[in-house]
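Trainee: Here it is, the structure in full.
The values are calculated or read from the model by the stated rules, or taken from the named source; none is laboratory data. Everything quoted here is computed from the prediction, not taken from an experiment. Cβ coordinates were reconstructed from backbone atoms using ideal geometry, including for glycine residues, and neighbour counts include every protein chain displayed. Quick note on the areas: whole protein, heavy atoms, side chains included, nothing else; ligands and nucleic acids left out. Shrake-Rupley method; radii C 1.70, N 1.55, O 1.52, S 1.80 Å.
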Amino acid sequence: GGMSGYLAAHARAIPPSGIRRFFDLVSNNKDKDFITLGVGEPDFVTPWRVRDAAVYALEKGRTQYTSNAGMPELREAIGRYLSDSFGLTYDPGKEMIVTIGGSEGIDLALRALIEPGDEILIPEPCYISYSPITTLGGGIAVGIETFAEDGFKLTADSLRAAITPRSKVLVLCYPSNPTGTIMTYEDLLPIARVVEEHDLIVISDEIYAELTYAGKHASFASLPGMKERTVLVSGFSKAFAMTGWRMGYVCGHPDLIGAMLKIHQYTVMCAPIMGQVAALESLTPHGLEEKDRMMESYNQRRRLVVQGFREIGLDCHEPQGAFYAFPSIQSTGLTSEEFAQRLVQEAKVAAVPGHVFGKGGEGFIRCSYATSVPQLR
């Protein structure tokens with residue numbers, strides 16, 4: 001019985017989130033002394049002034065729709081911010097949409113680009129939504145394995161090897177969730193050459209851009225000839241500690257953004273005004289200062305965590321971005337799933353088994369260090 005006979009095959013076939021499955025285990029447990037290194041979420045609350053700006057706007061009755069692409073003053077502020085921080089120039093009028101988190105941005109970009117049967121190239125281990133969203137959009141997700149010995153960086157050779165005549169889009173996420181890997185400008189140059197050679201479009205998920213600990217983040221859109229081929233996806237969730245506000249943005253070529261805007265208009269109309277007001281406040285000098293303060297704190301924890309894993313005998317490549325460590329558990333002889341299960345049961349620590357992040361994730365676990373120092377110790 002039930003409704004499953006009525007469901008679309010693609011909706012029936014996609015798996016539920018492997019991350020959530022693990023955390024529901026913990027949150028349903030009555031025992032409260034779990035340490036969770038789980039969901040990719042800052043342990044900071046949104047800074048006080050940002051919350052206050054939203055409260056004040058509500059009190060004044062600012063509860064209307066905004067323009068479909070988002071409040072013009074927010075788009076202008078995002079434009080200035082991208083220019084100051086990463087040397088990117090986007091026209092807030094034609095090349096930008098404020099979205100419901102980075103997640104909607106990824107969905108819009110894929111839906112605007114995919115024709116049935118197009119292949120979407122996804123370096124793995126990676127954030128778990130790219131492949132299901134590709135499937136829902138009628139595309140074929142093609143995972144490209146990356147390796148610990150390369151620091152989990154995508155190489156031009158492995159990209160080339162994955163390309164077929166059906167390849168259309170490359171999805172990049174650096175700094176990376178779950179590995180913490182960053183790609184420098186020099187690392188990205190050979191990738192840009194392959195992209196040009198094979199006429200690919202790139203969706204660059206740079207939600208962790210600000211969380212780069214060695215040098216400055218290099219945006220894929222800043223590479224020669226890449227701006228027009230790149231959809232930049234970012235937002236406020238991670239670096240600005242605004243996960244629950246669901247505030248993201250996408251930038252790109254006006255033709256692409258125009259198509260994405262149509263989908264956005266018909267599916268959500270506009271992002272909530274309360275979140276947009278808060279996002280605008282987080283881009284003020286005071287808001288940016290708060291972001292830097294949180295960054296410093298993550299950097300301390302990052303060093304603590306990597307050193308800790310190495311001391312207890314788990315090999316761990318040094319994450320240089322985001323807030324995840326991705327230690328190898330191969331030396332234990334357990335699978336990632338077995339290790340994570342026993343870690344919860346025997347040590348009351350929740351981490352995510354690496355295999356849920358795709359090819360090359362087996363043998364590792366993802367540990368978010370966006371949690372308090374006493375807990376990490």
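Trainee: What accessible area, in Å² to the nearest ten, does a 1.4 Å probe give for residue 85?
Mentor: That residue has around 30 Å² of solvent-accessible surface.
Trainee: Just order 121-131, 309-319, 180-190 by mean Cβ neighbour count inside 10 Å, highest at the front, would you? Mind dumping the intermediate values first?
Mentor: Working: 121-131: 23.9, 309-319: 15.5, 180-190: 19.7.
Descending mean neighbour count gives 121-131, 180-190, 309-319.
Trainee: Normalise the Debye intensity by I(0) for the chain, one equal point scatterer per Cα, no solvent, then take log10 at q = 0.06, 0.11, 0.12 Å⁻¹ and round to two decimals.
Mentor: The Cα Debye sum returns log10 ratios of -0.22, -0.78, -0.94.
Trainee: Order 366, 51, most accessible first, counting only protein heavy atoms with a 1.4 angstrom probe. Don't jump to the answer; show the numbers that get you there.
Mentor: Values: 366 0, 51 100 Å².
My answer, sorted largest first, is 51, 366.
Trainee: Let me ask something else about it. Just to verify a number: what accessible area does residue 76 come out at with the full protein assembly present, 1.4 Å probe, Å² rounded to tens?
Mentor: Number for this one is 90 Å².
Trainee: Residue 49 accessible area, nearest 10 Å², 1.4 Å probe?
Mentor: Residue 49 has an accessible surface of roughly 110 Å² with all protein chains in place.
Trainee: Order 264, 355, most accessible first, counting only protein heavy atoms with a 1.4 angstrom probe. Before the final figure, lay out the partial values.
Mentor: Working: 264 0, 355 70 Å².
Heavy-atom accessible area, descending, gives 355, 264.
Trainee: Let me have the relative contact order for the chain, percent, based on Cα pairs under 8 Å that are six or more residues apart. Mind showing how you got there, number by number?
Mentor: On the way: 718 pairs, mean separation 93.8, N = 377.
RCO, the chain: 25 percent.
Trainee: Now, a different point. Could you look at the chain and say what percent of its accessible area is carbon and sulfur, using a 1.4 Å probe and all protein chains? Can you show the working numbers first?
Mentor: Numbers: 8880 of 16520 Å².
Reported share for carbon and sulfur atoms: 54 percent.
Trainee: Just reorder 286, 217 by solvent-accessible area, largest first, 1.4 Å probe, all chains present. Mind dumping the intermediate values first?
Mentor: On the way: 286 55, 217 25 Å².
Largest accessible area first, the list is 286, 217.
Trainee: Also, quick follow-up: If you place +1 on the Cβ of every Lys and Arg and -1 on the Cβ of every Asp and Glu, how big does the dipole about the Cα centre of the chain come out, in debye to the nearest 20? The partial results should precede the final answer.
Mentor: Details: 35 positive and 44 negative charges, 164 e Å.
Charge dipole of the chain: 780 debye, to the nearest 20.
Trainee: Additional query: Per residue, how many Å² of accessible area does the stretch 240-377 show with a 1.4 Å probe? Please list the in-between numbers first.
Mentor: Values: 5800 Å² over 138 residues.
Each residue of the stretch 240-377 exposes 42 Å² on average to a 1.4 Å probe.
Trainee: Check which residues have an amide H placed less than 5 Å from residue 235's amide H, if you skip close sequence neighbours.
Mentor: Those qualifying (amide H under 5 Å, at least 5 residues apart or on another chain) are 249.
Trainee: Follow-up. Suppose we take every Cα in the stretch 262-377 and form the convex hull; what volume per residue is that in Å³? If you can, show how the numbers build up before the last one.
Mentor: Details: hull volume 19.9 nm³, N = 116.
Given the Cα convex hull of the stretch 262-377, per-residue volume reads 172 Å³.
Trainee: If you plug each phi of the stretch 205-214 into the Karplus form 6.51 cos²θ - 1.76 cosθ + 1.60 with θ = phi - 60°, what whole-Hz ³J(HN,Hα) values come out, in order, with x for Gly and Pro?
Mentor: 8, 10, 4, 9, 3, 5, 8, 10, 9, 10
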